[in-house]
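Below is one structure, written out as structure tokens, with a few remarks after it.
The values are calculated or read from the model by the stated rules, or taken from the named source; none is laboratory data. Bear in mind the structure is a predicted one, so any value in this text is a computation, not a measurement. All Cβ positions, glycine included, derive from the backbone under ideal geometry; neighbour counts span all protein chains shown. Heavy atoms of the whole protein, side chains included, go into the accessibility calculation; ligands, DNA and RNA do not. Shrake-Rupley method; radii C 1.70, N 1.55, O 1.52, S 1.80 Å.
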Amino acid sequence: MLSIVVPIHNEEHSILRLYDRLTSVLFRIGRPFEILFVDDASTDRSYELLSHLVQTDPRLKVLRLRRNFGQTAALSAGFHEARGKVIIAMDGDLQHAPEDIPALLSKIDEGYDIASGWRKERVDNAITRRIPSRIANWLMSRASGIDLRDFGTTFKAYRAEVLKDVHLYGELHRFIPALASIYGARVAEVPIQNTPRASGDSHYGLSRTFRVLFDILTIRFLLKYFTRPMHFFGAIGLVGTVSGGAMLAYCLFVKLFNWQLDIISEHGPLILAGALLLLAGLMMFSTGLIGELVIRTYFESQNRRIYAVREILTQKRRESVDERR
């Protein structure tokens, strides 16, 4: 089964056209499917239209969130409810063409775990969207180690088992390929159409670029130091401790060989800098140790694994992870 997850927020002018185009494409594909619209507390007639639609189509499900939680939360809610073995996420403003779904599915059928859309020909404003997006995508690619040219688009196809290992929060939905790569997910990029927004205003602007920069730092830390935070904080702590200790040792050496010297007046700033560096280094070591305890608790309390098995081969038969579950 295919599951199509569409987060909605004030998209009353696009819902019916999107539904018609989606069902037309999915009928042509010929696979069983379900469509999940996640209403992220819309204030227009979006929920009213969806509530009427759900009465006419048993393959349609509508989730209404209690308040506006944001796109990441809406996607997470849809992923949790989806029953398909392949889950496709897309926006509800018709900037993602349902006609591109077969291209995404073809990559999944080739054996990839994630097929990520790539808006090769952007139609957005160059100053507020395209240039900041290009810079952000370059930074994301460098930080995550995933060679994608378009992290920002929601239009992606996933194998369901890959999403089970990814827990979303904040605004990390654009980093799902990077987060899934921790468990060895194979990612392919597929060119998709990028049509102008049919109606209404975009929910994103230039201010989002700054939030993305913080997310990049977060994802870099998660990818490299998630299971070993001491390697990050310990390195900083080592630099601080060694530097601070060396400064204080020098001041002590000078004082020992020159008792008449007023060490505070001569080397007061150096002593202060050394003491601060030493304390900061010890604090980083402590933070690293606490991080190790938190990660240990995280994995053991939830019985989570630090690995993911793709399949198991035995002499009798080839057993996939999905079959065992």
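Once each part is reduced to its C-alpha centroid, what is the distance from the stretch 1-61 to the stretch 222-248 in angstrom?
So the separation of the two Cα centres works out to 50 Å.
Please figure out what share of the DSSP beta bridges in the chain is antiparallel and state it in percent, rounded to the nearest 5.
30 percent
Taking only complete DSSP H runs, can you tell me which helices of the chain stretch 30 Å or more along their own long axis by Cα positions and average at least 1.0 on the Kyte-Doolittle scale?
On the way: long enough: 229-256 (39 Å, 1.39); 263-301 (54 Å, 1.25).
Sorted by number, the helices that extend far enough and score high enough are 229-256, 263-301.
With the crude spin-label approximation of a point 7 Å out along Cα→Cβ, what separation in nm comes out for residue 109 versus residue 64?
With each label point 7 Å from Cα toward Cβ, the separation is 3.8 nm.
Starting from the residue with the highest accessible area, list 314, 43 in decreasing order, probe 1.4 Å.
43, 314
Sorted by accessible area (1.4 Å probe), largest first, how do 107, 164, 156 line up?
Highest to lowest solvent-accessible surface, that is 164, 107, 156.
Run the 1.4 Å probe and let me know the accessible area of residue 230, rounded to the nearest 10 Å².
For residue 230, solvent-accessible area is about 50 Å².
For semi-axes √(5λ) of the Cα gyration tensor in Å, the listed values are (i) 49, 25, 17; (ii) 28, 22, 20; (iii) 39, 36, 18; which was obtained by calculation from the structure presented?
(i)
Could you list which residues have their amide H under 5 Å from that of residue 39, counting only those 5 or more apart in sequence or on another chain, with H placed in the peptide plane?
Sorted by chain and number, the residues that satisfy this are 8, 63, 64, 65.
Sequence neighbours fewer than 8 away in the same chain don't count; with that in mind, list the lysines whose C-alpha is under 25 Å from residue 224.
156, 164
Using mean Cβ contacts within 10 Å as the protection proxy, how do 63-71, 273-281, 257-265, 146-154 order, highest first?
Result, highest mean first: 146-154, 273-281, 63-71, 257-265.
How do 287, 56, 227 stack up against each other in accessible area, from largest to smallest, with a 1.4 angstrom probe? Show your work: numbers first, answer last.
Values: 287 55, 56 100, 227 75 Å².
Sorted descending by solvent-accessible area, the residues read 56, 227, 287.
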